[in-house]
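A short write-up of the structure that comes next.
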Amino acid sequence: MEPFDFHSRTRLIFGEGSLDRLGALASELGFKRTLLVADKGILACGYVERATNLLTEGGVAVFTFHEFDSNPTTTMIEAGRKLAESFSIDSLIGLGGGSSMDTAKAINFVLTGGGSIQEYQGYGKARAPMLPMIGVPTTAGTGSEAQSHTLISDAETHVKMACGDPGAAFKIALLDPQLTISQPAAVAATAGFDAISHAVETYATTRRNALSEVFSLEAWRLLESHYDRVVRGPEDIGARGAMQLGAYWAGLAIENSMLGATHACANPLTANYDIEHGVAIGLMLPHVIRWNGAVAGERYRRLLEQGAAPPGAGDPTEALARRLEELRALGGLPRGLRSVGVPEADLERLAGEASEQWTGQFNPRPFGASAALTLYRRAYEM
Ligand SMILES: [Fe+2]
């Protein structure tokens, strides 16, 4: 068995209406002046106002930052840092989807340690103790609330950089399923499919271990069997809670076993054409599963056995790929690179970029530029 070293740095609170505890929890952690980092969609939902009221009642002064989008860049982080510095904050709260939480973490790195976020690529590069943070996800997707990594795009090159440190883990992750009801249907579908891909990829990486397997399997069980319910019935609070927890367990699985070739192939699609992460994942995942089948088929069988669509007697790899295609169709996600406007002439260059993605090295089948080109060609022809 592979060794592991697991220390849960994040207190996990789950339950309908748990947002009401935000002020008391912040106060318990000693927050006095906090930066509430929330994307603009969250502002429109009224959650920023609600969170601000709760925090103010808890005796916490609140400053807000909204100047970023679904793909936070180095420039946006610098703007956040300047604002945070001018308010002399002592803490941060990420409220929203993965981008809000990743932005809060990235501002924390540069505010406490100086320099630019590029200097924190890799793991354990924090130069000073980081400020305490609370993560409040409003989507069920990235699992950033469970992780000590942030993903930020270089504003010039568009390359995604992963910066991690134990200090970048949230002190508290507050999971209130009611907050995920406001997700637009398209966001629930793309974010949910991303979470599904996390369960699948983490279960087969070369870095997997006895602990990450527990998280991956439970994530798959919850996500695979509730995805269609949140897509068809947005008000289904039971399904929302299951997806939110599933995304959290999948995020913890990433923290302990990394990801694979699907994420390596998806990242250049986002960097070059602004294709949303979950959409890019949807385009690539079934192809990566089929390509990995020769080495990961038995693992895929075990994964399927946990879910709502057991593999039967046939080839588990094909069964998993088909199940994923079925879920992708339920979510209304596109199925081919051609259909989203990726030029065929770019595939070779994209394959080179995919081979440089850090996460590709943990794929169960050795992955490089020629493998990426094969996968892109298959995805193109769909
Ligand atoms: Fe992802």
(request) Could you please report the charge total around Gly312, scoring K, R as +1 and D, E as -1 over all other residues with beta-carbon less than 12 angstrom from its beta-carbon? (result) 0
(request) Determine the distance separating the Cα centre of segment 150-177 from the Cα centre of segment 186-216; give it in Å without decimals. (result) 17
(request) Averaging sequence separations of C-alpha pairs under 8 Å and six or more residues apart, then dividing by the length of segment 117-214, give the relative contact order as a whole percent. (result) 32
(message) For segment 244-382, what does the relative contact order come out to in percent, with C-alpha contacts under 8 Å and a separation of six or more?
(response) 34
(request) Starting from the Cα-Cα distance between Ser370 and Glu298, subtract it from 0.36 nm times their residue separation and give me the gain in nm to one decimal. (result) 23.4 nm
(request) Enter the accessible area per residue of the chain (Å², integer; probe 1.4 Å; all protein chains in place). (result) 38
(message) Let me check against my output: what whole-number percent is the relative contact order of the chain, with C-alpha pairs under 8 Å and at least 6 apart?
(response) 15
(request) Return the subset of Lys32/Lys160; Lys125/Lys171; Lys40/Lys82; Lys40/Lys171 for which the Cα-Cα distance in this structure is over 21 Å, preserving the input order. (result) Lys32/Lys160; Lys40/Lys171
(request) Round to the nearest 10 and give me the degree value, 0 to 90, for the angle of helix 185-204's Cα axis relative to the longest principal axis of the chain. (result) 70
(message) Using a 1.4 Å probe on the protein heavy atoms, what percent of the accessible area of segment 225-382 belongs to carbon and sulfur?
(response) 49
(message) As I understand it, the value is the acute angle between the Cα axis of helix 369-380 and the longest principal axis of the Cα atoms of the chain; what does it come to in degrees, rounded to 10?
(response) 80
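Quick check: net charge around Met76, other residues with Cβ under 14 Å of its Cβ, Lys/Arg +1 and Asp/Glu -1?
Around Met76, the surrounding residues sum to -2.
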(request) For segment 234-292 and segment 4-66, compute the distance between their C-alpha centroids and round to whole Å. (result) 25
(request) Quick one: Debye curve from the alpha-carbon atoms of the chain only, equal weights, vacuum; give me log10 I(q)/I(0) at q = 0.07, 0.08, 0.15 Å⁻¹ to two decimals. (result) -0.28, -0.37, -1.34
(message) In Å, what Kirkwood hydrodynamic radius results for segment 216-283 from the alpha-carbon pair distances?
(response) 13.1
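The values are calculated or read from the model by the stated rules, or taken from the named source; none is laboratory data. Here the structure is a predicted model, which means the values were calculated and not measured. So basically every Cβ, Gly included, is an ideal-geometry build from the backbone, and we count neighbours across all protein chains shown. Heavy atoms of the whole protein, side chains included, go into the accessibility calculation; ligands, DNA and RNA do not. Shrake-Rupley method; radii C 1.70, N 1.55, O 1.52, S 1.80 Å.
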